[in-house]
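Here's the structure we're looking at; comments come further down.
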Amino acid sequence: MALRRKGRSAGRRAAVRWWLLSLLGAGAAVTAAAALLAVALHVSASASAGSPYRLAKPREAEELRWEQEFAPPQLASPHSRKLDGAAEDEPEKRLWLPAPSRRFVPCVSPSLEYRRPEASRGYLLVHTNGGLNQMRAGISDMVAVARILKATLIIPELDKKSFWLDKSNFSDVFDEEHFIRYLANDVKVEKKLPKELVKAPKSVRYFKSWSGVDYYQNEISPLWERRQVIRAAKSDSRLANNFLPPDIQKLRCRTFFQALRFAPPIEALGNLLVERMKSFGPYIALHLRYEKDMLAFSGCTYGLSETESEELAMIRGNTTYWKVKDIDPLEQRSHGHCPLTPKEVGMFLSALGYPSSTPVYIAAGEIYGGESHMVDLQSRFPILMNKEKLASAEELRPFSQYASQMAALDYIVSVESDVFIPSYSGNMARAVAGHRRFHGHRKTISPDRKALVHLFDKVDSGLLDEGKRLSQKIIEMHQKRQGSPRKRKGPVSGTRGSDRFRSEEAFYENPLPDCLCQSNDSSIINI
C-alpha cells in the first residue's frame, strides 16, 4: 500500500507540473502562487532513490496549501476525480467499458498427446531482425520451428544493426531464466553453443516466409545430416499465420504472451509507470507512430514542411533494405497507409467523446518535429504524459540509450491501459492489440484511417464542421472496431503469392480461435 500511495502521489505531482507548463505554453495566465508551486515541484524531483518526486526536506503546510489550492480539480485525487465533472454519467462510463468478451479466455495448454522435447538433432541459432515487437514475434516463431525440427534453441541474438542501432542482448530485454524455465517442456533452450561447436561450420539459411510444417520437415530438417548447427539469418514471419497443428499454435501463444516476459528491471519500472498513470484515473494509451523512422519508411509527409519531407526522403533513399524509394505521399494517405498525425488523433479522440481532462499516455519514441507537431493534440488534451514525464532521468538512465528497452516500457503501459488506441497498425500496435485480446479483450480502438482522413479533409476544406455530425459519423464507423472477440481474418480476396499471406491478419494480433476458447466449453484446458 505504501508503494502504491507513493506512486500515486508522484504521479499527481508530475501531472500538476505538466498541467502548469501546458498552461504557460498556451499563453494562459498563471498566478504567482501557481508558479511557486511549479518551482517547488521541479526542485523536489530528484530527492532520494525510489521516488523521483519525493521532497528533499519535509513538506511545509504552506506548500501543501498551494498544491491543494492550485492543482486542477481532476488531478486532486484518483478517488474523487470526475472527468469534466461527469464521471458518473452513463455516456462517459461507456467510453471506458471494454468490449464484451463473450466468455473467451486463454486456452493454451498442450493436448494430451503432446510430449516433452525429444532427443535433440542439432542446434538452432537465430538472428532476429527489426524492432522490439518484430523480434518478439520472430522469437516466438523460432521456438515453434525448433519444436518442429527437434532442435535445441540457442538464446536468440537480437538485431543490433536495424534503424535504432540498439546493442541490447536478449537478457537485457527479456527475463532469460524465465524464458528457459517456462519452455522446458516444449523446447530445450541453451544460453550458448557448446565450445566445440562455436567455430564449427554452420548451415546459414533464410527460412522461407509464411511456411508450414512440411517446409521445415522436408527442406530444413535434412540439413542436420551435414551440419550440427543451423543458423536462421532472419526470424520474422517465418511461420504461416494459419493451418498449423493446434499444439504448434498454442506453443506460439505460450511463448509470445507468457514466456517472453520482460527483464525484471523493465517490468519494475513499467509497472511503476502504470501506477503513476492510474493515479489520474482511467487513461488512454496512444501509440503515436509519428516518429522519424515510420514516416521515412512509409513516405508519409502530410502536414510536414518541405525541409522535413526532404530529410525523410533522404533517409528512405539511404536505407538499403527499404525496397520502395519513390512514394506518393498523398496517395498513401488517401488509402489509409499513413499514421494519423497528432492533430488528427486529437480530432478523433474528441469526436469519440473523450473530454479534455482525459489523461493520455503517449507510447512512442521521439515525435518527429517535436513540440511543433504536438500543439494541436496538446491543446485538446493537456494531460499528455509519457515515460520521460512520469519517471525521473535517474530512473530512465539504465534504459534510455536502448530503443528496445524504452519500447518495452511503453508496451507495459499500453497493455495495462484502460483504452489503447494506435495511430498506425505497425508491429507494436498489433502486438499490444493481441496481448489485450489474450487478457480479456480489453478495449482497443482501431482507427479506420482511410475513412477518417476523408472526413478530416472535409473539415479542412470547410465542407464539414467539427461537432455533433462529425462525432456521430466517427462513433458509428468505430462501433465494431473496439477489440471484441472475432476470428482472425484470412487473406484479402484476389491476392496471390506472398501478397496473399501478407494480407492476412497477423497471428499474434488476434490469436482466436487457436488460443482463445469460450469458458463454457468443457474441452478447455487452461494453464
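The values are calculated or read from the model by the stated rules, or taken from the named source; none is laboratory data. Small disclaimer: the values here were computed from a predicted structure and weren't measured. Virtual Cβ from ideal backbone geometry, glycine too; neighbours counted across all protein chains shown. Side chains included, ligands, DNA and RNA excluded: accessible areas come from the protein's heavy atoms. Shrake-Rupley method; radii C 1.70, N 1.55, O 1.52, S 1.80 Å.
Tell me yes or no: at least one residue of the range 148-163 is under 21 Å from the mean Cα position of the chain (by Cα), more than 28 Å from Gln217 (Cα to Cα) and in contact (Cβ under 8 Å) with a residue 12 or more places away in the chain.
Yes, the range 148-163 has at least one match.
Tally time: how many residues in the range 312-330 are open to solvent by 70 Å² or more (accessible area, probe 1.4 Å) and either of a type in the set (Val, Ile, Thr) or over 24 Å from the mean Cα position of the chain (by Cα) (or both)?
Of the residues in that region, 8 qualify.
Would you check if there is a residue in the range 413-420 being of a type in the set (S, T, N, Q), surrounded by 24 or more Cβ atoms within 10 Å (Cβ to Cβ) and touching a residue at least 40 places away in the same chain (Cβ under 8 Å)?
yes
Would you be able to tell me the number of residues in the range 418-460 that are under 15 Å from Leu470 (Cα atoms), in contact with a Phe, Trp or Tyr (Cβ under 9 Å, 6 or more places away or on another chain) and among the β-branched types (Val, Ile, Thr)?
Qualifying residue count for the region: 1.
Among the residues that make up the range 436-448, is at least one of them surrounded by fewer than 17 Cβ atoms within 10 Å (Cβ to Cβ), under 22 Å from His335 (Cα atoms) and not polar (S, T, N, Q)?
yes
State the number of residues belonging to the range 345-383 that are assigned to a strand (DSSP E or B) and surrounded by fewer than 20 Cβ atoms within 10 Å (Cβ to Cβ).
1
Can you tell me which residue in the range 100-119 is farthest from Leu197 (Cα to Cα), limited to those that are among the small types (Gly, Ala, Ser) and modelled with pLDDT under 95?
Ser101
Tally time: how many residues in the range 135-169 are at pLDDT 95 or above and closer than 14 Å to Asn427 by Cβ?
Residues meeting the conditions: 7.
Is there any pair with a first residue in the range 91-110 that is acidic (Asp, Glu) and a second that is open to solvent by less than 80 Å² (accessible area, probe 1.4 Å) whose Cβ atoms are under 8 Å apart and which are 6 or more apart or on different chains, and what are they?
Glu92/Leu83; Glu92/Ala86; Glu92/Gly353; Glu92/Pro355
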